[in-house]
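The structure appears below as structure tokens.
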Amino acid sequence: MADASLILQLVESKGLVSSEQLQAVRGAVSDTSDEALVEEMSRKGFIDRRAIIDLLAEEFSMPSIDLAAIDLPADPSEFLSESFARRYQAFPIGIDNGALQLAISDPLNVESVDSLSHLLKMPVEPVLADQRQIEKVIEVKYKAGGEAVSTTFTDGDALAGSQVGLSSSSIDLGGSLSGEDDAPIIRLVQVIISEAIKLRASDIHLEPLENRFRLRYRIDGNLQESSNPPPKRLQLPVISRVKVMSKMSIAEKRLPQDGRIQVRVDGSDYDLRVSSLPTAYGESIVMRILDKSGLMKGLADLGLMNDDQEIFENLITLPDGILLVTGPTGSGKTTTLYSCLGYINKSDRKIITVEDPIEYQMPGINQVPVQKRVGMTFAAALKAILRQAPNIIMVGEIRDKETAEIAINASLTGHMVFSTLHTNDAPSAVTRLVDIGVKPYLVATSLRAAMAQRLVRRICPHCSRPYQPTTRELNSLELDLATTTQFMRGVGCEECFNQGMVGRFGIFEIFLVNDEMERLIYTGGTSVQLRALAKQMGMRTMREDGVRKVLAGQTTIEEVMSVTVAEPKLV
């Protein structure tokens, strides 16, 4: 039968049993297996087994059958050997229109059906039936008919090719260990996740299209399509399995949902933030992989050059004020903030963070999760945090006027505040704060600096080779055509999966607020004026920082061009 949590979700969502009845069932059985829970619900008279079968059949668009109400073949071994029937817990009903009708109890176990179809060299049509009925008819019918027709297939062949071309690795998903007894769909989802982690992917995209089920991994910021995605017929079982794992409602297919999965792969812990979105051809699933070890980088690992790192270290050790890290989603802002906290985390400082969600548990730091359902917003948390007498406060993101004003007031009363903003460049952080309602004089007196950043891919050190860029490439970054610099690029190797690039690092621009800049902010200077003054004061733009790293052989011209824009020519 299907997974216990799936069954319980379905019967509760359809109103077939109440929450109180479910609690009574869970309390009455020590074994939380699907069969034990179904048996207990049936014994108490809450719902009969036939209703559960019909519910599962409707959910997975499968026909169902009552084996006690039909004529069964006298000798089932003519269609399927006893060893296969017992192994797959399946019973042959007969052949209809050239396809073998096969009674199974688990609608997610479709890969076993595919394997049997391959071994028997004929189409197999699964029909949903009661597990107890299947077990009973296997015992009765195979004893009566005997093994009249032997099979040349071995049990070892039974799951050949069932992993749809994806290599497997050890994975522990919430206590469900990868092993021979796991259902094929469970193993398939485990393999998809472990394969993504092996490839260093940040996201897994499961996308239902009209005629296929697309699987894509986002690796170093770029989406790459899997050459061996699950077949279209596995779309519903795979999506249902992911939703069960992430504690989403499998009965709700009309609205977006969010969930979370914790996994351990090869001894390392990962959090997966899961999002489902209804589309024309089914629910699209995106799993964001949060590598906890990847968030804990030293400042040197971020990609800061020595001069910028020295400036940044001085900024984050200031006694008060606000430091903002800006950039779009996925530009590494959270990693930068965690690196700052790791650098200044000393026993003589009290550090409190407010995050949505907490992505990494840091020892020695008080971390507060945002919980909007109970009124624990960024602003509400900040008010409470100030009564805890912290030295340093980290706010995951400034999203509204109230949060911004509380953060600024905190910085003016002797606290150092770190936070993020969604702006395209560093000087725009000032105008963004003013736009959401903060008074310019408050921004001028509290803001110490803003740092904008983007992520670029790093040239693989194992296959890095010199090359000569074209004149067009050199002109795009305004590089001297007569430069003697040796440009590098990766040619592809096993270490980088033939991409020529491995990993990412940041390119930055640091906008410092001194007395002159403070006066311009106070008088309502525009972002263009702020940027012009910052460049006069020596601010290096992200593109200029990227050029430095191209010349240092760390990345390529194409990478820098893809994430930065040219400076407008001032007439």
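The values are calculated or read from the model by the stated rules, or taken from the named source; none is laboratory data. On a predicted model such as this, the values are computed, not experimentally measured, just so you know. Cβ sites come from the backbone with ideal geometry, for glycine too, and all protein chains shown count toward neighbours. Surface accessibility is based on the protein's heavy atoms, side chains included, excluding ligands, DNA and RNA. Shrake-Rupley method; radii C 1.70, N 1.55, O 1.52, S 1.80 Å.
Using helices alone, what [θ] at 222 nm do you get for the chain, with -39,500 (n - 2.57) per DSSP H run of 4 or more residues, divided over all residues and rounded to the nearest 500?
Numbers: 21 runs with 204 residues, N = 571.
Dividing the helical sum by the residues of the chain leaves -10500 deg cm²/dmol.
Grab the Cα-Cα distance for E310 and Q262, subtract it from 0.36 nm times how many residues apart they are, and report the gain in nm with one decimal. Intermediate values should be presented prior to the final figure.
Values: separation 48, 0.36 × 48 = 17.28 nm, distance 3.71 nm.
Net length gain for the segment: 13.6 nm.
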Q.
Whole-Hz ³J(HN,Hα) for each residue in the range 527-540, computed from phi via Karplus 6.51 cos²θ - 1.76 cosθ + 1.60 with θ = phi - 60°, x for glycine and proline: what do you get?
A. 5, 5, 5, 4, 5, 4, 5, 4, 5, 4, 7, x, 5, 9
(Q) I need the phi-derived Karplus couplings for the range 542-547: 6.51 cos²θ - 1.76 cosθ + 1.60, θ = phi - 60°, integer Hz, Gly and Pro marked x. (A) 4, 5, 5, 5, x, 4
Q.
Contact order normalised by length for the chain, with contacts defined as Cα pairs under 8 Å and 6 or more residues apart; what percent is it?
A. 9
Q | Amide hydrogen neighbours beyond the local backbone of M501, cut-off 5 Å, H modeled | A | C460
Q: Work through the residues other than P319 whose Cβ is under 14 Å from its Cβ and net out their charges, Lys, Arg +1 and Asp, Glu -1.
A: +2
Q. Given a 1.4 Å probe, how much area per residue of the chain is accessible, in Å²?
A. 46
Q: At 0.36 nm per residue, minus the direct Cα-Cα distance, what do S249 and E210 gain on full extension? Give it in nm, one decimal, please.
A: 11.6 nm
**Q.** Residues whose placed amide H lies under 5 Å from that of T353, excluding near-sequence neighbours
**A.** N366, Q367, V368, M394
Q) In terms of Cα to Cα distance under 30 Å, which lysines are near enough to K346, apart from those fewer than 8 places away along the same chain? A) K292, K297, K333, K383
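What order, most packed first, do the peptides 556-567, 303-314 have when packing is the mean number of other Cβ atoms within 10 Å of each residue? Don't jump to the answer; show the numbers that get you there.
On the way: 556-567: 17.7, 303-314: 16.0.
Put in order of decreasing packing, that is 556-567, 303-314.
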Q | Share of carbon and sulfur in the accessible heavy-atom surface of the range 305-362 [1.4 Å probe, %] | A | 45
Q. Extension gain S42-K346, at 0.36 nm per residue separation less the Cα-Cα distance, in nm?
A. 103.5 nm
